Each structure stands twice: as structure tokens, then as C-alpha cells.
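Data block below; observations after.
Readers should treat all values here as calculations from the given coordinates under stated rules, not as data from a laboratory. Here the structure is a predicted model, which is why all the values come from computation and not from measurement. When we count neighbours, we look across all protein chains shown, and the Cβ atoms used for this are built from the backbone with ideal geometry, even at glycine.
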Amino acid sequence: MTFAPPYVSALTAGIVIIMQMALMYAVVVERRRNRQSVGDGGHKSLLLAIRRHGNLAENAGIFVAGFALLELIGGGGVGHAVLCAAFVLGRVAHVIGLSMKNTVNPWRVGGVVVTSIVGVGLGARLVLAAVGHLW
């Protein structure tokens, strides 16, 4: 087996990190606007900024780690790139949905659905690839 660096996963991680920093900055802006250092203080705009940032943080690490592991054990290729792209698009859709006045909307639901499908697909591919190397 030849070693191939996980370039697609690295690209995905870079995009996700930039998104995370943008969302973090949005929280800082809302904190300053509302003069709220800790918590949300009952400010809906701050709560939503915190949730947009937090939701990406809750998902990004495990997905990026899974993408990198899959690519490292030979599960790269077009399918892998599609999963990575779908994850990023799903997270962007979720942020858009949480930025709307009515937070129950097709963007948010679509983001959750896409992320869930990618998660199941990624998990299944990791299991299959790992089991294939065990025997």
C-alpha cells in the first residue's frame, strides 16, 4: 500500500476552519453589540450566533477526522470528495437556515438531512474499509 496524503480531507478541514472562524467572529460581534460577555443574556440574536458557531463545532471535528482516516486507509477518490463537499454544503445550508427569521425552514432541515446522510455514509465507509483491512 502506498501512502497518499489526505489532500481532499485537508481541503475540507481548511474550509471548515475558515467557516468556524467566521462564525466565531459573528459571536464576538453579537457579544459586543449586546454587551454580553458570558451566555446569551436573553438576546435572541446572540443565542442564534452562538448556536450557528456551536453546531458547526459539534459536527466538524468528528467528520474531518473521519474523512482524513478514510482517505488515509484508501477510501479516497470521487466518492470521498463528494462526501466532503456534501458535508460542507450541508453545514452552509444549516447556517443559512439558522440565520433566517423563521429558524424552522428548508435550509436548516436540508442541512441537517444532508449532514445526517453524509454521517451515515462516512461511518459505513469507514467500517467497511477498516474491516476489509483486518482480514
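Side notes on the structure shown:
- Between 0 and 90°, nearest 10: helix 106-134 axis offset from the chain longest Cα axis: 30 degrees
- Only helices enter the 222 nm calculation for the chain: every DSSP H run of n ≥ 4 contributes -39,500 (n - 2.57), and dividing by all residues gives -28500 deg cm²/dmol, rounded to 500.
- Distance between region 74-93 and region 99-135 - C-alpha centres, whole angstrom: 10 Å
- Label point 7 Å beyond Cα of SER45 along Cβ direction - residues of region 5-29 with amide nitrogen under 20 Å: 22-29
- Karplus (6.51, -1.76, 1.60) ³J(HN,Hα), θ = phi - 60°, over region 9-14, in Hz, Gly and Pro reported as x: 5, 5, 4, 4, 4, x
- Full-extension gain in nm, ALA129 to GLN20, via 0.36 nm per residue minus C-alpha separation: 36.3 nm
- Backbone N within region 117-133 under 19 Å of label point (7 Å from VAL78 Cα along the Cβ vector): 122, 125
- Within the chain: Cβ-based charge dipole about Cα centre, in debye rounded to nearest 20 (Lys, Arg +1; Asp, Glu -1): 640 debye
- Cα-derived Rg over Rh, computed across the chain with Rh taken as Kirkwood radius: 1.07
- A simple rule links phi to the HN-Hα coupling: the Karplus curve 6.51 cos²θ - 1.76 cosθ + 1.60 with θ = phi - 60°, which for region 22-38 gives 5, 5, 5, 4, 4, 5, 4, 4, 5, 4, 5, 4, 9, 6, 10, 7, 10 Hz, with x for Gly and Pro.
- Relative contact order (%) - criterion: Cα under 8 Å, at least six apart; region: the chain: 26 percent
- 3J(HN,Hα) along region 71-81: 5, 5, 9, x, x, x, x, 5, x, 5, 4 Hz, from the Karplus curve 6.51 cos²θ - 1.76 cosθ + 1.60 with θ = phi - 60°, whole Hz, x for Gly and Pro.
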